[in-house]
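Q: Structure provided below as structure tokens; questions to follow.
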Amino acid sequence: MGKNLYVTTAIPYVNGAPHIGHAMDYLLADIWARYQVQNGHKVRFQIGTDEHGNKNAMKAAEQGVSPQEFVDKMYLPFKEMAEKVGSGYTDFIRTTDPHHRGAVQYIWQQLKPHIYKNTYEGWYCTGCEQFYTDKEVQMTNGICPNHQKPYEHLSEENYYLRASDFTDKIREAIETNKMRIIPEFRKKEVLELIKDGVKDVSISRPRKSLSWGVAVPDDPEQVMYVWLDALSNYLTVIGYPDHEEWREYWPADVQVVGKDILRFHAIIWPAILLGIGVSLPKRILAHGFVNIGGSKISKSLGNGIDPHEIIDQYGVDAFRYYFARHIPTTDDGDFTWEKFELAYNNELGNDLGNLVQRVAAMITRYQAGVIGDSPQAEHDMGPYREAIEQFRFNDALNVTWNTVRSLNQYLDQVKPWEIAKERDTNTEAAQHLSDVLAHAASTLLQVADLLTPFMPTTATSIRTLFETSVVPADVKPLFPKIYLHTPDPKAPKTT
RNA sequence: GGCACCGUAGCUCAGCUGGUUAGAGCGCAGGACUCAUAAGCCUGAGGUCACAGGAUCGUUCCCUGUCGGUGCUACCA
């Protein structure tokens with residue numbers, strides 16, 4: 001019935017701790033995946049870690065462990081983070097997995113017609129172990145600011161991927177939306193970037209300057225550079241090339257990436273795919289960044305927000321809710337504890353939580369918990385679906401909240417508590433009351449459906465209250481008020 | 001420098017291809033109620049739609065310029 005769909009997230013480099021940006025990747029992909037699963041599709045959902053490269057090797061050396069031992073330790077927090085935000089991923093890849101390494105070497109073989117060797121010349125800092133552009137060298141007067149050493153003019157052999165061969169195909173795929181870049185303005189940026197043609201890309205380094213990586217087939221002196229290794233994960237994780245099942249999921253339906261790495265996914269990655277004769281992904285979703293109080297997250301400012309703290313204090317669903325509704329999917333968004341707590345207390349506590357509570361309480365109080373029969377509430381799902389399918393997740397939640405608001409208004413209009421006063425003496429009133437409350441319960445079940453991709457736990461809680469014919473006796477508040485970062489308004493006012 | 005975008009109520013933002021009194025949420029003020037997490041509901045105050053020209057019968061919404069801000073990208077020195 002449903003078709004197979006595949007969603008991917010960018011694999012972070014493990015040389016550091018996961019932060020809110022990674023959580024956004026996991027969350028956005030997960031919302032999309034849950035929505036598709038809800039609609040009967042089989043979804044494969046990949047996450048993983050990028051583990052090769054000098055930075056890891058250096059850190060490992062500092063700690064006196066092998067690179068493998070180092071990454072074996074460093075990848076775990078990313079997995080934990082994904083699980084903590086409730087990501088229901090199906091596949092976790094590490095680029096150090098033996099299957100991946102082998103598969104990347106296979107990809108290299110397939111790419112061979114498009115690979116050539118060339119000499120790279122540039123300014124090299126032996127401390128940083130990397131090349132710098134002429135501009136950077138000039139701006140620092142020829143001395144590396146990190147190491148206080150002059151740059152050396154070096155030349156080294158690299159293999160290059162002739163990505164330029166694919167300029168026309170890539171451009172066409174983007175222009176015609178065969179490979180759709182979302183949002184539209186990012187698509188324009190990419191097209192602008194390749195208007196003079198796609199540049200060939202270096203895909204290897206001499207082993208002497210990059211030891212921790214996948215060996216280039218048939219050339220022991222060269223090791224694969226990050227992009228070929230890392231980007232290939234999207235294919236290798238689902239079994240390419242040796243497990244045929246990869247064909248059931250590729251091309252990916254959506255590849256979620258941060259705006260900073262869009263270019264690699266929109267240009268180099270398609271070049272690789274075209275080079276090995278595999279079709280391009282259908283969509284690339286570039287999301288924005290999360291600012292903290294209007295400023296970029298930076299370690300030196302110490303303004304980072306730890307997703308763990310939010311989730312530990314307010315729960316996963318509150319976390320998912322805020323970042324889905326108050327951070328626009330494709331633009332930058334802002335987090336402050338004030339905004340978060342306002343949304344939590346007002347929207348989750350007052351609007352939704354209290355609504356669930358008041359309906360459950362009335363059914364319990366007036367009808368001993370028995371929910372009457374009600375025709376399935378009919379709602380126009382169009383705007384909601386449209387919003388999700390266009391990745392306007394915040395709008396989908398706005399639509400959901402309209403339903404919540406409407407039900408609150410409905411209850412105030414019909415006043416079940418008034419009707420209830422006559423239910424013992426008037427059978428018509430009793431029936432009316434039953435209908436009203438059944439309608440309310442039915443609407444809340446609808447809300448639960450709408451919330452499922454965003455707040456799976458909450459959706460389940462609501463369903464368990466209303467999906468059987470009897471409301472459980474002890475109903476606990478879904479979102480108890482929390483005032484950890486803002487003053488409690490119930491506290492005495494100071495005017 | 002090039003390309004793209006934005007500047008609308010205190011705040012965050014909607015306003016499709018131009019058409020009578022410019023919208024929402026939050027925040028703020030007031031009101032009626034009591035089923036509910038003192039929640040929710042109703043009403044209200046608040047905008048020269050950055051600025052200046054132009055085209056149009058008519059523009060927040062089209063064109064030009066100015067000022068201010070953002071993203072991507074390039075580069076001189």
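Q: Classify region A:288-389 as rounded, prolate or oblate, taking a ≥ b ≥ c as the square roots of the eigenvalues of its Cα gyration tensor: rounded when a/c is under 1.5, otherwise prolate if a/b is larger than b/c and oblate if not.
A: It comes out oblate by the Cα gyration axes.
Q: What's the FRET efficiency of A:Val65 with A:Trp417 using the Cβ-Cβ distance as r and R₀ = 60 Å, to the nearest 0.05?
A: It comes out at approximately 0.35.
Q: Could you please state, rounded to a whole Å, how far the C-alpha centre of region A:430-456 is from the C-alpha centre of region A:222-257?
A: 42 Å
Q: Moving on. Modelled label-to-label distance, A:Asp218 and A:Asn118, 7 Å Cα→beta-carbon offset: nm?
A: So the two model labels end up 2.1 nm from each other.
Q: Multiplying the sequence separation of A:Ala17 and A:Asp332 by 0.36 nm and subtracting their Cα-Cα distance, what value in nm do you get?
A: Length difference between fully extended and current span is 111.3 nm.
Q: Something else now. If we restrict to alpha carbons, what Rg and Dmax does region A:339-419 come to, in Å?
A: 15.2, 44
Q: When the dipole is taken about the Cα centre of chain A, and only Lys, Arg (+1) and Asp, Glu (-1) are charged at their Cβ, what size is it in debye, to the nearest 20?
A: 280 debye
Q: Give or take rounding to whole Å, what are the principal axis extents of the alpha carbon atoms in region A:159-304, in descending order?
A: That gives 52, 40, 36 Å along the principal axes, largest extent first.
Q: Within region A:319-388, list the GluC sites (Glu not before Pro) lying in a DSSP loop whose Cβ has at most 16 other Cβ atoms in a 10 Å radius.
A: Passing sites in region A:319-388 are A:Glu378.
Q: Which entries of A:Lys187/A:Lys282; A:Lys112/A:Lys169; A:Lys339/A:Lys476; A:Lys117/A:Lys187; A:Lys84/A:Lys259; A:Lys59/A:Lys199 have Cα-Cα distances beyond 21 Å here?
A: Beyond 21 Å between Cα atoms: A:Lys339/A:Lys476; A:Lys117/A:Lys187; A:Lys84/A:Lys259; A:Lys59/A:Lys199.
Q: Right, another one. Sorted from largest down, give the three principal axis spans of the alpha carbons of region A:310-458, whole angstrom values.
A: Projected onto the principal axes, the Cα atoms of region A:310-458 cover 59, 33, 24 Å.
Q: Specify, per residue and in Å³, the volume enclosed by the convex hull of the alpha carbon atoms belonging to region A:141-237.
A: Residue-normalised Cα hull volume stands at 191 Å³.
Q: Rounded to the nearest angstrom and ordered from largest down, what semi-axes does the equivalent ellipsoid of chain A get from its C-alpha gyration tensor (root of 5λ)?
A: So the three semi-axes of chain A are 52, 25, 19 Å.
Q: I would also like to ask the following. Where Rh denotes the Kirkwood radius from the mean inverse Cα pair distance, what is Rg over Rh for region A:394-495?
A: Here the Rg-to-Rh quotient is 1.06.
Q: Hey, what D do you get for region A:206-247 in µm²/s if you plug the Kirkwood alpha-carbon radius into Stokes-Einstein at 37 °C and 0.692 mPa s?
A: It diffuses with D of about 288 µm²/s by this estimate.
Q: Still on this structure: Grab the DSSP H runs of chain A that are 4 residues or longer, score each as -39,500 (n - 2.57), total them, divide by all residues and round the 222 nm result to the nearest 500 deg cm²/dmol.
A: Theoretical 222 nm ellipticity from helices: -12500 deg cm²/dmol.
Q: With a bin width of 10 angstrom, please list the P(r) values of region A:242-348 as percents of all Cα-Cα pairs, from the 0 bin to the one holding the largest distance.
A: That works out to 12, 33, 25, 20, 9, 0, in percent per bin.
Q: Also, quick follow-up: May I ask you to list the trypsin sites (Lys or Arg not before Pro) in region A:402-495 that are in a DSSP loop and have at most 10 other Cβ atoms within 10 Å of their Cβ?
A: A:Lys490, A:Lys493
Q: Sticking with this structure for a sec: Any idea how far apart A:Gln38 and A:Thr427 come out in nm if each label point goes 7 Å out from Cα toward Cβ?
A: According to this spin-label approximation, the distance is 4.1 nm.
Q: State the answer as a single residue: which of A:His41, A:Phe70, A:Gly88 lies farthest towards the positive end of the charge dipole of region A:1-91, with beta carbon charges of +1 for Lys and Arg and -1 for Asp and Glu, about the Cα centre.
A: A:His41
Q: Moving to a separate point now. Could you tell me what fraction of 2.2 N^0.38 Å the Cα radius of gyration of region A:223-297 comes to, as a two-decimal ratio?
A: Here the answer is 1.28, to two decimals.
Q: Next question, about the same structure. All other residues with a Cβ under 9 Å from the Cβ of A:Tyr116 taken together, and with Lys, Arg as +1 and Asp, Glu as -1, what is their net charge?
A: +1
Q: So, one more: Normalised by the residues of chain A, what does the relative contact order come to in percent, with Cα pairs under 8 Å and at least six apart?
A: Relative CO of chain A lands at 15 percent.
Q: Follow-up question, since we're still on this one. Please report, in Å, the Rg and the Dmax of region A:1-82, where both are computed over Cα atoms only.
A: Reported Rg and Dmax, both Å: 15.9, 54.
Q: If you don't mind, there's one more thing I want to ask. Zone of A:Asp165 (label point 7 Å along Cα→Cβ, backbone N under 18 Å): which residues in region A:256-278?
A: Under 18 Å, as judged by backbone N against the label point of A:Asp165, lie A:267-278 of region A:256-278.
Q: Can you list which of the trypsin sites (Lys or Arg not before Pro) found in region A:270-370 are DSSP loop residues with at most 13 other C-beta atoms within 10 Å?
A: Sites meeting the loop and neighbour criteria: A:Lys296, A:Lys299.
Laboratory data are not the source of any read-out in this text; all were calculated from the coordinates shown. This one's a predicted model, so the numbers in the text were calculated from it and none came from an experiment. We place every Cβ from the backbone using ideal geometry, glycine too, and count neighbours over all the protein chains shown.
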